[in-house]
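Each reported figure results from applying straightforward, stated rules to the coordinates on display, with no laboratory input. Treat the numbers as computed from the prediction; the structure is a model and nothing was measured. Glycine also receives a Cβ, built like all others from the backbone with ideal geometry; neighbour counts cover every protein chain displayed.
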Amino acid sequence: MSNRLATEIAGLRLANPTMLAAGILGLTGSSLRRVVEAGAGAVVTKSVGLKPREGYPNPTVVQVECGLLNAMGLPNPGIHYFSEEIREAKEGGIPIIVSVYGFSPEEFAEVAGIAAEAGADALELNVSCPHVEKTGTEIGQNPQLVAEVVETVKKRADKPVFVKLTPHVTDITEVAKAAVEAGADAITAINTVRAMAINIETTWPILANKIGGLSGPAIKPIALRCVYEIFQEVDVPVIGCGGITTWRDAVEFMLAGASAVQIGTAIALKGLGVFQSITRGIDAYLRRRDFRSVTEIVGLSHRH
Amino acid sequence: MLAYPTAINRLRIVKIQEVKRESPTVRTFTFHDKLCGKAKPGQFVMVWIPGVDEVPMSLSTIRSNRLSSITVANVGEATKTLHQRKPGDALGIRGPYGNGFTLTSGKVMIVGGGTGLAPLVPLAEKLVGFSTKISFLLGAKTKNELLFLDRIETTLSKTEARVIAATEDGSYGWQGVVTDPAEQILAKERFDMIYACGPEQMTHKMFLTAERYNMPLQASLERLMHCAMGLCGSCVIGKFRVCRDGPVFSTEQLREVKSEFGRFKRGFDGRKTGL
């Protein structure tokens, strides 16, 4: 692949602007390595907390129109155990971003600190999970609380901090600004959208947790608008996430202001080859239009 | 953009047509479903029992435009509830998912233990008329837990085949585990393919034996499963996702996960646990 695609986010060098989104396949070092081999520019792990967590019973994933609904319930082995998986993932030779969740700013900081010591190249704070109480969205809807989490993490972990935001706020730029003022090095937008599905023949809500998060093409226009708005208000890189399935989607996000894009649900549809098909497509787009670097198209739509 | 193509195997509700008692602890549930009728042997479905759980199950009958089935051992909360279900009751089904067995012509051996026999019976039905000679070895703890013996014998009566049963307590057929007669045969005869499904100690033993005699093998593996579409990562073994890269793996693939295969699996929280 050409070096037209190389980019940098908060000091992390990416060979291309595609990243594995949090929550997808990132539970073990070997599966992260597999995504590295598939051509991702960086990978984000599953969200990890201080203690092991089993997550919710099945059904945890439901297919709906134009997307997927999930309520996994943050299953993870806890950061102490996960350190070994981080070290294994690191052997892949590309940036490993550890997604972190906690039930208090101190817990976020402790997990982030241990992740950094294990070799995480950056941390992504999950203040936006829509289906676990007392964390995630409950933090991400409160700009002061987000700022407190970011500050506490920055004191403990000497690594770039990304903050992944929820769309469930009146004004997403307020939360983004609070995070950046508190020291966030990049903003990831967006996490899944609270949603549900009911089976009409049995009358049962399908997810065991009843409510989950919607991902996939259904939320792409929402995510795109969030990226566009955040780009105008902050001067750190924005990472786009939400329904990116084709290279066209990726380019659209970059024109809106995303320096990189995260891919998750598209893997169910297209397999792991989606990373290569998207990077090739972006490369051809840049070549056709005589751009020398992918960084030249970031935020380009804002000139109109 | 195209409509979301994975939507073709979305959740649908099927009615149980028939419940067959296979053994004191195992029942087969039949149902009508077009997609399941087109499945490949070795593929699986996610079976939803509303309010209880959703569990992966191999298809134990695959017949185009006719009844499909799953065969369920009563081993946990979900399967206990399933065992109480009667004809007319509803089940949720999504799938079929994963890669099934690849059919091979020539001389083949099929080795199955316990409910691991479920995907091997439709495999044998497809292999009849495709392979020239089939050796079917089936095992169980005791005689009344030996599954599908009649179905296997009827199916294979139409072709050149032998059926060897093994029970651990010697109440029927060979006394011992099914891998014992398999190993004896493999020491003397060559096969173009070995198919295996059952407890991982068994499939792992078959893998090692196949490697020793330098014969190709396909084995179906089991892991905790959530999404079944290769996204969530709960069912990983090494670099592979059992739901999407498997559940049937080739010798070449199994060599790549030697440090995990036959050694450990992962629990709900992703930590390693014993098999």
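Just the C-alpha atoms of the range A:156-295: what Rg/Rh do they give, with Rh taken as the Kirkwood radius?
1.03
Filter A:LYS46/B:LYS38; A:LYS46/B:LYS265; B:LYS107/B:LYS158; A:LYS51/B:LYS205 down to the pairs with a C-alpha to C-alpha distance above 24 Å, please.
Violating the 24 Å limit, Cα to Cα: A:LYS46/B:LYS38; A:LYS51/B:LYS205.
Averaged over all directions, how much area does the convex hull of the C-alpha atoms of the range A:58-132 cover when projected, in nm²?
Result: a mean projected hull area of 6.2 nm².
Take the Cα atoms of the protein assembly as shown, build their convex hull, and give its volume per residue in Å³.
It is 147 Å³ per residue.
Could you work out how much longer the chain between A:HIS168 and A:ALA6 gets when fully extended? Use 0.36 nm per residue separation minus the Cα distance between them, nm to one decimal.
Gain on stretching A:HIS168 to A:ALA6: 55.1 nm.
Rounded to the nearest 20 Debye, what is the dipole magnitude of the range B:5-97 about its Cα centre when Lys and Arg each give +1 and Asp and Glu each give -1 at the C-beta?
Value, rounded to 20: 360 debye.
Please compute, for the alpha-carbon atoms of the range A:140-198, the extent along each of the three principal axes and give them in descending order in Å.
So the extents along the principal axes, rounded to whole Å, are 45, 19, 16.
Describe numerically, in nm with one decimal, the distance between label points set 7 Å from Cα along Cα→Cβ at A:ILE198 and at B:ARG66.
Each label point lies 7 Å from its Cα, and together they span 4.0 nm.
Would you pull out the residues with amide H under 5 Å of A:GLY73's amide H, same chain only if 5 or more places away, H placed 1.01 Å from N?
Amide H neighbours of A:GLY73, under 5 Å, 5+ apart: A:TYR56.
Hey, what did the range B:107-274 get for relative contact order, percent, Cα under 8 Å, at least 6 apart?
Rounded, it is 18 percent for the range B:107-274.
What Rg and what Dmax come out for the range B:1-157 when only alpha-carbon atoms are used, in angstroms?
Cα-based Rg and Dmax for the range B:1-157 come out at 15.9, 56 Å.
Taking each residue in A:50-60, count the Cβ atoms of any other chain within 10 Å of its Cβ, then average. What number comes out?
6
Take each of the peptides A:64-73, B:75-84, A:146-155, A:15-24, average the number of other beta-carbon atoms within 10 Å over its residues, and list them starting from the highest.
A:15-24, A:64-73, A:146-155, B:75-84
Work out the mean other chain Cβ neighbour count within 10 Å for the residues of A:26-32 and drop it here as an integer.
6
So how many Å³ per residue does the convex hull of the Cα atoms of the range B:128-234 work out to?
138
Where the convex hull is taken over the Cα atoms of the range B:5-97, what is its projected area averaged over directions, in nm²?
Computed as one quarter of the Cα hull surface, the answer is 5.6 nm².
Apply the Karplus curve 6.51 cos²θ - 1.76 cosθ + 1.60, θ = phi - 60°, to the phi angles in the range A:25-39 and return the couplings in whole Hz, x for Gly and Pro.
In residue order, the calculated couplings are 6, x, 8, 9, x, 5, 6, 5, 4, 4, 5, 4, 4, 6, x Hz.
Lone cysteines in the protein assembly as shown, defined as no other cysteine's Cβ under 4.7 Å from theirs: which are they?
Taking the Cβ cut-off of 4.7 Å, the unpaired cysteines of the protein assembly as shown are A:CYS66, A:CYS129, A:CYS226, A:CYS241, B:CYS36, B:CYS197, B:CYS235, B:CYS243.
Peptides B:225-234, B:109-118: what's the order by average Cβ count within 10 Å, highest mean first?
Peptide ranking by packing, descending: B:109-118, B:225-234.
Å³ per residue of the Cα convex hull, for chain A?
Normalising the Cα hull of chain A by residue number yields 117 Å³.
Ignore the peptide's own chain and count Cβ atoms of other chains within 10 Å of each Cβ in B:20-33; give me the average, rounded.
Counting other chains' Cβ atoms within 10 Å and averaging over B:20-33 gives 0.
Which order do peptides B:173-181, B:43-51, B:250-258 fall in by mean Cβ count within 10 Å, highest first?
Order by mean packing, descending: B:43-51, B:173-181, B:250-258.
From the helices alone, meaning DSSP H stretches of at least four residues, give me the mean residue ellipticity at 222 nm for chain A, per-run term -39500 (n - 2.57), in deg cm²/dmol to the nearest 500.
One gets -10500 deg cm²/dmol as the mean residue ellipticity at 222 nm.
For q = 0.10, 0.16 Å⁻¹, what log10 I(q)/I(0) does the range A:52-202 give under the Debye formula with an equal point scatterer on each alpha carbon and no solvent?
One equal scatterer on each Cα of the range A:52-202 leads to -0.37, -0.88.
Binning at 5 Å from 0, report for chain B what percent of all alpha-carbon pair distances ends up in each bin.
Percent of pairs per bin, in order: 1, 6, 13, 17, 20, 18, 14, 8, 3, 1, 0, 0, 0.
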